[in-house]
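Structure, as structure tokens:
The values are calculated or read from the model by the stated rules, or taken from the named source; none is laboratory data. A quick note: this is a predicted structure, and the numbers were derived from the prediction, not measured. We place every Cβ from the backbone using ideal geometry, glycine too, and count neighbours over all the protein chains shown. Calculation scope for accessible area: heavy atoms of the full protein, side chains included, ligands and nucleic acids excluded. Shrake-Rupley method; radii C 1.70, N 1.55, O 1.52, S 1.80 Å.
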Amino acid sequence: MAVPTGFLRLWLDSLAAMLRDKGAALLLLGAPVLYGFFYPWFYSSEVVQRVPVAVVVQDNSGLARQMLRFAQASPRIHAQLVTADEGEARAAVLRGEVMGYALLPRDFKRDVLRRANVVIPVYANGAYPLVSKQVQYGFAEAFGTVSAGVEIKRLQAGGQSAPQAAVSRSPVNAQAVALFNPTEGYGSFVVAAVSVLILQQTLLMGSALLVGTWREQGADRVGSRQWLARLLALCVPGWLAGLFYFGWIFIWQDFPHGGNPWGALALLACFVPAVVGCACLLGWWLADRERALQVVLFSSIPLAFLGGFTWPVEALPEPLQWLRWLSPSTAGIQASLRYNQLGAPLVAALPHLAWLACMALTSWLAVLWLGRRSPAVRE
């Protein structure tokens, strides 16, 4: 029992060293907790509502006024400005007072009665995609409802009853249901993916900082057994943070979760060691405590775009489509979305788990090899 006891002592000493380093402890234990509470807070409303818009009404008819009333009743948009001057509405958009406007042109009702192909232009501020989407959807729903009523009345005037007119107008009713994001909220979409990147970056910074400190102090000159104990010790905060996010934060924030809990556990078992191995190699290479923070912080935004959820992977240059797999977050995000949100079976993300396991094995062997070839090693 001497060997297990000795290894357990090395592991406990490594945990104690991690906790004594206030900077590393803050990154490994404090940062995931703070991010878990405060990062989702910015997306707590999930869906943008009551977006300020303008309505340009140039047709003084009852139908145009009805269209305006339906636009004012929409929960997506708020008709803050009603005017007959399109230039005034455009200027309000440029000043940021409203985020878009719709134009009800002159002779609008006359063209409708003539059964002409009437188009209502809707303009939105494309600099804010979420807001622009709400502006377009809000006007489309409001005007579409009025358009349906006009068409049903026209069919009734042709001799059809109200039920017949409703069926003729829409013979097949389509209802869109978001299976894995019921609220269609931005928070449910982005936080579920970014949380994996948060886990990686905090674990990378804390572990690389600690390894860089050991390099500065010459504490890297230890045997492979102690390095193995250090690697396992660094995995502990990563596993705890992963359980904290998948097992509580997603539930607390009411994000889609728990689709395949065993798959999520398998993901953490492969993802965290892969990140720790990469962090140790990074800290060994930089051999500087502060440099690791600078490098990892700089990489966070590019890795988010390379993760495949904020930007279409097919739109990336081909070299980046290959290089992005060098970050564990790429496979981790894809596997996490499948297991936690989609409830996919284990085999659905098995290639991603296999890649993470290969990364973990390769990086750990490299760390152990570097530890053995360091001078003045004593087992």
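So what is the 222 nm mean residue ellipticity for the chain from helices alone, if each DSSP H run of at least 4 adds -39500 (n - 2.57) and you divide by all residues, rounding to the nearest 500 deg cm²/dmol?
Numbers: 15 runs with 232 residues, N = 379.
When only DSSP H runs of four or more count, the value is -20000 deg cm²/dmol.
Restricted to Cα positions, what overall size does the stretch 1-136 have along the principal axes? Three whole-Å values, descending.
95, 30, 21
So what J values fall out for the stretch 78-84 if you push phi through Karplus, 6.51 cos²θ - 1.76 cosθ + 1.60 with θ = phi - 60°, rounded to Hz, Gly and Pro as x?
Calculated HN-Hα couplings, in order: 10, 6, 7, 10, 10, 8, 9 Hz.
Within the accessible area of the stretch 1-95, what % is carbon and sulfur when the probe is 1.4 Å and the other protein chains stay in place?
On the way: 3540 of 5550 Å².
After summing per-atom areas, the C and S share lands at 64 percent.
Would you be so kind as to identify all helices of the chain, as entire DSSP H runs, whose Cα atoms reach 20 Å or more along the helix's own axis and whose mean Kyte-Doolittle hydropathy is at least 0.0? The partial results should precede the final answer.
On the way: long enough: 2-20 (27 Å, 0.86); 129-157 (41 Å, 0.19); 186-217 (45 Å, 1.02); 224-244 (30 Å, 0.96); 261-286 (37 Å, 1.83); 289-306 (27 Å, 1.01); 350-373 (34 Å, 1.00).
Those that pass (Cα extent of 20 Å or more, hydropathy at least 0.0) are 2-20, 129-157, 186-217, 224-244, 261-286, 289-306, 350-373.
Averaging sequence separations of C-alpha pairs under 8 Å and six or more residues apart, then dividing by the length of the stretch 292-363, give the relative contact order as a whole percent. Could the numbers behind the result be given before it?
Values: 42 pairs, mean separation 17.3, N = 72.
Computed over the stretch 292-363, the figure is 24 percent.
Expected output is a single nm value to one decimal: the length gained when fully extending between residue 216 and residue 128, i.e. 0.36 nm times separation in residues minus the C-alpha distance. What is it?
On the way: separation 88, 0.36 × 88 = 31.68 nm, distance 4.64 nm.
Full extension from residue 216 to residue 128 adds 27.0 nm.
Considering Cα pairs under 8 angstrom that are at least six residues apart, work out the relative contact order of the stretch 1-80 and quote it in whole percent. Walk me through the intermediate numbers first.
Values: 34 pairs, mean separation 20.1, N = 80.
Relative CO of the stretch 1-80 lands at 25 percent.
Amide H to amide H, which residues 5 or more places from residue 82 or on other chains are under 5 Å from it, using H placed in the peptide plane?
Under 5 Å from the amide H of residue 82: 55.
How do 120-130, 279-289 rank on mean C-beta neighbours within 10 Å, highest first? Don't skip to the end; give the middle numbers.
Numbers: 120-130: 14.7, 279-289: 21.0.
In decreasing order of mean packing, 120-130, 279-289 become 279-289, 120-130.
If packing is taken as the average count of other Cβ atoms within 10 Å, what order do 204-216, 20-32, 228-240 fall into, highest mean first?
Details: 204-216: 25.5, 20-32: 17.8, 228-240: 21.6.
The most tightly packed comes first, giving 204-216, 228-240, 20-32.
Could you sort 344-351, 303-310, 49-56, 321-328 so that the peptide with the highest average Cβ count within 10 Å comes first and the rest follow in order?
Working: 344-351: 15.0, 303-310: 18.6, 49-56: 21.1, 321-328: 16.5.
Highest mean packing first, the order is 49-56, 303-310, 321-328, 344-351.
Could you grab the relative contact order for the chain? Cα pairs under 8 Å, six or more apart, rounded to a whole percent. Walk me through the intermediate numbers first.
Numbers: 521 pairs, mean separation 75.1, N = 379.
Rounded, it is 20 percent for the chain.
What's log10 of I(q)/I(0) for the chain at q = 0.09, 0.10, 0.11 Å⁻¹, Debye sum over Cα points only, no solvent?
-0.68, -0.77, -0.85
Would you mind telling me the antiparallel percentage of the DSSP bridges in the chain, rounded to 5? It would help to have the intermediate numbers written out before the result.
Details: 3 of 13 bridges.
Around 25 percent antiparallel, to the nearest 5.
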